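Report on the structure given below.
The values are calculated or read from the model by the stated rules, or taken from the named source; none is laboratory data. Bear in mind the structure is a predicted one, so any value in this text is a computation, not a measurement. Counting neighbours? That spans all protein chains shown, and the Cβs are built from the backbone with ideal geometry, glycine included.
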4 protein chains.
Amino acid sequence: MVIVMAPEATSSDIDAVTDLVTAAGGEAFVSRGVRRTIIGLVGDAAEFASLDLRAKPGVSDVLRITAPYKLVSRENQPQRSVVEVAGVPIGGDAVTLLGGPCAVETPQQTLEAARMAQSAGAAVLRGGAFKPRTSPYAFQGLGEAGLEILAEVRATTGMPIVTEVVDVRDVDLVASYADMLQVGTRNMQNFALLQAVGEAGKPVLLKRGMSATIEEWLMAAEYIAQRGNLDIVLCERGIRTYEKATRNTLDISAVPVAQSLTHLPVIVDPSHSGGKRDLVLPLTRAALAVGADGVIVDVHPTPETALCDGPQALVPGDMEELGDVMRTLPGILGRRLVRPADTVEPALV
Amino acid sequence: MVIVMAPEATSSDIDAVTDLVTAAGGEAFVSRGVRRTIIGLVGDAAEFASLDLRAKPGVSDVLRITAPYKLVSRENQPQRSVVEVAGVPIGGDAVTLLGGPCAVETPQQTLEAARMAQSAGAAVLRGGAFKPRTSPYAFQGLGEAGLEILAEVRATTGMPIVTEVVDVRDVDLVASYADMLQVGTRNMQNFALLQAVGEAGKPVLLKRGMSATIEEWLMAAEYIAQRGNLDIVLCERGIRTYEKATRNTLDISAVPVAQSLTHLPVIVDPSHSGGKRDLVLPLTRAALAVGADGVIVDVHPTPETALCDGPQALVPGDMEELGDVMRTLPGILGRRLVRPADTVEPALV
Amino acid sequence: MVIVMAPEATSSDIDAVTDLVTAAGGEAFVSRGVRRTIIGLVGDAAEFASLDLRAKPGVSDVLRITAPYKLVSRENQPQRSVVEVAGVPIGGDAVTLLGGPCAVETPQQTLEAARMAQSAGAAVLRGGAFKPRTSPYAFQGLGEAGLEILAEVRATTGMPIVTEVVDVRDVDLVASYADMLQVGTRNMQNFALLQAVGEAGKPVLLKRGMSATIEEWLMAAEYIAQRGNLDIVLCERGIRTYEKATRNTLDISAVPVAQSLTHLPVIVDPSHSGGKRDLVLPLTRAALAVGADGVIVDVHPTPETALCDGPQALVPGDMEELGDVMRTLPGILGRRLVRPADTVEPALV
Amino acid sequence: MVIVMAPEATSSDIDAVTDLVTAAGGEAFVSRGVRRTIIGLVGDAAEFASLDLRAKPGVSDVLRITAPYKLVSRENQPQRSVVEVAGVPIGGDAVTLLGGPCAVETPQQTLEAARMAQSAGAAVLRGGAFKPRTSPYAFQGLGEAGLEILAEVRATTGMPIVTEVVDVRDVDLVASYADMLQVGTRNMQNFALLQAVGEAGKPVLLKRGMSATIEEWLMAAEYIAQRGNLDIVLCERGIRTYEKATRNTLDISAVPVAQSLTHLPVIVDPSHSGGKRDLVLPLTRAALAVGADGVIVDVHPTPETALCDGPQALVPGDMEELGDVMRTLPGILGRRLVRPADTVEPALV
């Protein structure tokens, strides 16, 4: 941490800062310039943070030079993590496809969507039973009935399921059905929810907040990790910008940037980013090419009747091309697609 | 609602749309142009929304021309609402000052901050007992102990209290102490929380999400209103933009824009917008001048020891100027400052 | 300037940096921490910038702690400047109203608009003869014929004129008519144009780029100042954000922030910020209240026939209220409205 | 175009609008709803635009339903264009690599950079002789001496050159050396410059403005096209957002979106987008995968001594990996890399 003193700071202002730092068990190195003095701090940054040095007399600025997250930081764990979802790996040298309907509507629609996704190489089924909707007048999901449908489709297809939880009171219920819990973009800073999923004993898919910085996203992951759960997969799903030609702006650079800062796997949601069917395949290719650890896509057997986000769902006719992309692109990038056969055998207990 | 057909749409595409609209109880007016056909819909917009016309063959775009919120819309209640917080009005021809510490730390600090705010004209005490913090390592608030401190200070000063609730499981607890519940910027689309505060029987202060559009903000208010609670005060607190010279960018235009769309009162938080003490008074003046129904400010007796947001808190030496602003500016704008004596007497039951 | 070394930096990496700094005539203070070393630099920042230290081995980050602009910085001239436009002051304890049509269309329209603005207290006439338009198919202005109309209206009304120049080849022509040259938002980083107006011998009104940071805006002013022209007035006109309820988002905080960084006057354009007539008066009040040195507004005698930006122009019926605002609000803020009678007499030569 | 009338609009307001439209040679279709009336217009949109219907009594909104650009629109030319730069094609089934130093510094540095780029497959040399810099104290480029260096390196390597022009008065000079003129991000709405390069008889590389919408970008291209020059290549180079982890946010979706709206080729600049060397190769892969028609990269033999943007330049050690990407990725996407041998033979005159 570096303290920049104001030009008008007095010697006693400077002494006051160095005294505080020393009292907190740190060391302070003073560099006196012609116009300004700067003070370099060495020691425990969390301890220094509690001193609120920014508010002290004569202090002009406080510059942080280390990341505020620890458990999820790559500084503390250089090798990249692999998260297992009921035996399906996400991360490492493999690339994982997750697919399914935006919202669970009926058993048949969900099963058809799962089969579609599976045909293109998907190893995990996505599907929403509890939907966070901007309007209270929009379809809010089937609730527990939706979870039951997902469980049935899992039994039929063998695909583990990831589904969103939007209410901290529902975490246990959703965890009793799901193989992976999703925290959505609107809840990325719902800290009570983050802590609850951190304690639920299931891997977590953490979507980036729609205007969250990468650092805030990693801090949200740190909330989950702090509760003892490091099975976290990050999902870039587009950020809010001035550009309205797409629903959100896919921040494709966030994938390599986040991968350089954290050991957690990072996947991409090309469906919610672009918000248009025509963009899903190009953005899927871009996500794989940039190095994402997986892709999560909306598929629907009959999107013209979908109760949620129909315009962005891939249709049956898209599955062949999606499958081609998933089969060919990872290889030339030195990776391979996770198939059901790749499932990690659970260790005997 | 207006449907714009693509240039290549066929007659049967057009007929399919008009048939759907008619079947849903609406009327469809077709305007055939040289290149495109447009279809104007008359009837129940919510009904039309469920048709997902955007996904139909030949449809290029669907343009909504009425607001998606109803209960909070000014179209449905042209006169502006007054919300009472334990007898203190917000809205109407009055201007209300709310002030207090960002976080409740000790009884003495809270009482001193309340007295400071009161001296400048504040009629409502703000103070956080549950704090949503970006970092899990930052001070998270005193919890119920903080609520008890607030209640004591209310008893001493006579100021009703507004405090934030961050966890849907705490709504009843917080409502048992508070006169007004605050929903913070990070929870503006935590729909479970919105519904819970809608049922808690207390007025709600709804901060704008840090990247929420004005429409999304009003939709969030609609979630609360739908549960039978129309005692909602909106609070503009700065939005996230590319500009980093301020913590957030105060969207001052949002005040008159929101006031034209909703009958709910709209206040401004100049402390969190700018994030710097020096900006609080200029932004307070701007907020009153633009027509805000009130202002909510952070004050602290000794901000250099504050556990949260010290750099933006007003200090004792600022109270005289704040008081001057609150006493002089509303008058020339045709409004007046709410004083404790203005408190609305509760009707005898 | 502070150099943050990477955890893996070697001693020789650190020595290489300090050697470079010393060779450049500066001093380097090394603070060795447990994980990282930081190096504080004292000396000529411009000299250090040319070393491109960020690209050196072992360097993790370079933090600048002084402003990159000099001539326009308040550090170098603490008292605020007053810029005179043909004798009309902008800045200091006065507040100046500038008004007129967005585009000059006819002599009568321009004269009527000038008289309207004057009736509300305007001391300077604005009007565009060269218009930068997003579409090549939109009205591009009358060109020199428009300048002649402005000159005639100046002769009739006594109001000095400010008008935009959009092409570096037109600077001399426009300067031969105008009392003040305007650089528009789209040209804020047209450096050739900035340098040319810096040499034209007329005061300059520099609008903020629609996505420029405050620092970039001041750097643009520095380009003008470097050519020997310090008669620069900055104009905040709204920035581009995700919010589309207004044409742009007026960054009201930019006024006090810029005033703290530069000695140049700062005014506000409430017409282009909001883009709607209904917002102009509220935003004018906010601008004055926050401490702006003036306001520039679009007015039009018959906006329904305007060739440019009709929806945001104030109409004759608005002048009384605008005049009221201009007469009453500055007084309670300790300022006063500049009237024609305030014109500074040119010193005898 | 669709006119939405306000709920309080009168019959005579509606008649006034339809009369205007009819007088302008159009047709108006009126759809009267319970709360609102909408009017569909059929005819010449440019003609309607000049009516400024938005400002008419009773009009609440005007919705445009066709694109405001024509010459560059894909509606008018469905097949995608190929632009030739001194015989090197950009667009079509090929993918083109452009590379070179950010700024031309010396003959040796420029030649080495060209050879580096060529070794990785580059067919066109980029290099700046006139540099637009945020600070007037930064290196501004070598000017004509830089153009001469570029011409020499072209003679040696056979690579055609693209270089930026920043001043309308320099267009003829730059065009006398360059094979392609670049308009930079800060000048995307410098309309005088756009018109001048439109008349210069050379292909144009048009970078997207750092906060330009895709529509504004295409309108800027329309300015060039209007002057008779349709040899335009669009370049996405990152947009300005709230996220500061990267210099800009690469809007990867803009590539397929723009390609669906215009027939012009679209390339990507991964160097200026990310602003960091480590991001250039991942973003290059993403750009190719999403379907870009080419990539333009900064390379430098010794970036630690670069006078401009050293931290983002690829170094000699990166060329092998860049070459691998360029050779392998286009093939599996159904495209191929343009090599010098692909150069189109100029037709005999």
Per the filter on the stretch D:244-258, residues among the charged types (D, E, K, R), at the interface with another protein chain (Cβ under 8 Å from one of its Cβ atoms) and either surrounded by fewer than 24 Cβ atoms within 10 Å (Cβ to Cβ) or out of contact with any strand residue (DSSP E or B) (no Cβ under 9 Å at 6 or more places or on another chain) (or both) are D:Lys244
May I ask you to say which residue of B:Gly158, B:Gly198, B:Gly228, B:Gly184 is under 20 Å from B:Asp309 (Cβ atoms) and small (Gly, Ala, Ser)? B:Gly184
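Looking at C:Thr241, C:Thr213, C:Thr249, C:Thr262, which one is in contact with a Leu (Cβ under 7 Å, 6 or more places away or on another chain), among the hydroxyl-bearing types (Ser, Thr, Tyr) and in the same structural domain as C:Val174 (by TED's automatic domain parsing)?
Working: C:Thr241 fails: in contact with a Leu (Cβ under 7 Å, 6 or more places away or on another chain); C:Thr213 fails: in contact with a Leu (Cβ under 7 Å, 6 or more places away or on another chain); C:Thr249 fails: in contact with a Leu (Cβ under 7 Å, 6 or more places away or on another chain).
Only one candidate passes the filter, namely C:Thr262.
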Please specify each residue of the stretch D:289-317 satisfying the condition of being of a type in the set (A, V, I, L, M), within 29 Å of D:Gln259 (Cα to Cα) and at pLDDT below 95. D:Ala313
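D:Thr249: under 25 Å from A:Val257 (Cβ atoms) and among the β-branched types (Val, Ile, Thr), yes or no?
Details: under 25 Å from A:Val257 (Cβ atoms): yes; among the β-branched types (Val, Ile, Thr): yes.
Here the answer is yes, as D:Thr249 does meet what is asked.
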Looking at (1) facing chain C (nearest Cβ under 10 Å); (2) in contact (Cβ under 8 Å) with a residue 40 or more places away in the chain; (3) under 30 Å from C:Pro68 (Cβ atoms), which is the one condition that is false for D:Leu150? (1)
If a residue must be within 8 Å of another protein chain (Cβ to nearest Cβ) and over 30 Å from D:Tyr242 (Cα atoms), how many such residues does the stretch B:198-231 contain? 1
Selected residue (only one of B:Arg154, B:Arg227 is surrounded by fewer than 24 Cβ atoms within 10 Å (Cβ to Cβ) and in contact with a helix residue (DSSP H, G or I) (Cβ under 6 Å, 6 or more places away or on another chain)): B:Arg227
So C:Gly209 fits all but one of (1) among the small types (Gly, Ala, Ser); (2) part of a helix (DSSP H, G or I); (3) buried (at least 21 other Cβ atoms within 10 Å of the Cβ); what number is the exception? (2)
Can you find a residue that is among the small types (Gly, Ala, Ser) and modelled with pLDDT of 95 or more anywhere in the stretch A:318-332? yes
Could you list all residues from the stretch A:44-93 that are modelled with pLDDT under 90, in a strand (DSSP E or B) and among the small types (Gly, Ala, Ser)? A:Ser60
Number of the condition not met by C:Thr249 [criteria: (1) over 18 Å from C:Ala103 (Cα atoms); (2) at pLDDT below 95; (3) of a type in the set (S, T, N, Q)]: (2)
Can you report the number of residues in the stretch B:164-197 which are away from every other protein chain (no Cβ under 11 Å) and under 14 Å from the mean Cα position of the chain (by Cα)? 6
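Would you mention how many residues in the stretch A:244-259 are closer than 23 Å to D:Pro282 by Cα and touching a helix residue (DSSP H, G or I) at 6+ places or on another chain (Cβ under 7 Å)?
Step one: list which residues in the stretch A:244-259 are closer than 23 Å to D:Pro282 by Cα, which gives A:246, A:248-259.
From the residues that got through so far, the ones that are touching a helix residue (DSSP H, G or I) at 6+ places or on another chain (Cβ under 7 Å) too are A:246, A:248, A:250, A:252-258.
Looking only at that region, the number is 10.
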For the stretch A:100-197, give me every one of the strands (runs of 3 or more DSSP E) that falls completely inside it and has 1 or more residues that are in the same structural domain as A:Ser271 (by TED's automatic domain parsing), of a type outside the set (Gly, Ala, Ser) and within 21 Å of B:Arg169 (Cβ to Cβ). A:161-164, A:180-183
How do the pairs read when you match residues in the stretch A:301-316 that are acidic (Asp, Glu) with residues anywhere that are outside any loop (DSSP other than H, G, I, E, B), using Cβ under 7 Å and keeping only pairs 6 or more apart or on different chains? A:Glu304/A:Gly310; A:Glu304/B:Ala55; A:Asp309/A:Asp298
Only one of (1) touching a residue at least 24 places away in the same chain (Cβ under 8 Å); (2) among the polar types (S, T, N, Q); (3) closer than 30 Å to A:Met210 by Cα does not apply to C:Asn229, and that is (3)
Looking at A:Leu234, A:Leu261 in this structure, which one is of a type outside the set (Phe, Trp, Tyr), facing chain D (nearest Cβ under 9 Å) and under 20 Å from A:Ala289 (Cα atoms)? A:Leu261
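Among what's in the stretch B:1-35 and is in a loop (DSSP other than H, G, I, E, B), out of contact with any strand residue (DSSP E or B) (no Cβ under 6 Å at 6 or more places or on another chain) and under 18 Å from D:Gly43 (Cβ atoms), pick the residue that is modelled with the lowest pLDDT. Walk me through it before giving the result.
Narrowing the stretch B:1-35 to residues in a loop (DSSP other than H, G, I, E, B): B:1, B:6-10, B:24-26, B:33-35.
Remaining after also requiring out of contact with any strand residue (DSSP E or B) (no Cβ under 6 Å at 6 or more places or on another chain): B:7-10, B:24-25, B:34-35.
Applying the additional criterion that residues be under 18 Å from D:Gly43 (Cβ atoms) yields B:7, B:34-35.
Working: B:Pro7: 78, B:Val34: 63, B:Arg35: 67.
Among them, the one singled out is B:Val34.
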Which condition does C:Ala23 not pass, out of (1) surrounded by fewer than 21 Cβ atoms within 10 Å (Cβ to Cβ); (2) under 30 Å from C:Val165 (Cα atoms); (3) away from chain A (no Cβ under 14 Å), if it passes all the others? (2)
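Give me a count of the residues in the stretch C:119-161 that are among the polar types (S, T, N, Q) and over 23 Å from the mean Cα position of the chain (by Cα).
Step one: of the stretch C:119-161, the residues among the polar types (S, T, N, Q) are C:119, C:134-135, C:140, C:156-157.
With over 23 Å from the mean Cα position of the chain (by Cα) added as a condition, the list becomes C:119, C:135, C:156-157.
Count: 4.
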A:Arg237 passes all but one of (1) surrounded by 21 or more Cβ atoms within 10 Å (Cβ to Cβ); (2) closer than 25 Å to A:Leu111 by Cβ; (3) charged (D, E, K, R); which number fails? (2)
Candidate set from the stretch D:126-140 (those that are more than 7 Å from chain C (Cβ to nearest Cβ) and buried (at least 22 other Cβ atoms within 10 Å of the Cβ)); member that is nearest to C:Pro68 (Cα to Cα): D:Lys131
Give B:Ala123, B:Ala117, B:Ala103 a once-over and let me know the one that is among the small types (Gly, Ala, Ser) and over 23 Å from B:Thr328 (Cβ atoms). B:Ala103
Got a number for residues in the stretch D:70-115 being surrounded by 16 or more Cβ atoms within 10 Å (Cβ to Cβ), out of contact with any helix residue (DSSP H, G or I) (no Cβ under 8 Å at 6 or more places or on another chain) and at positive phi? 3
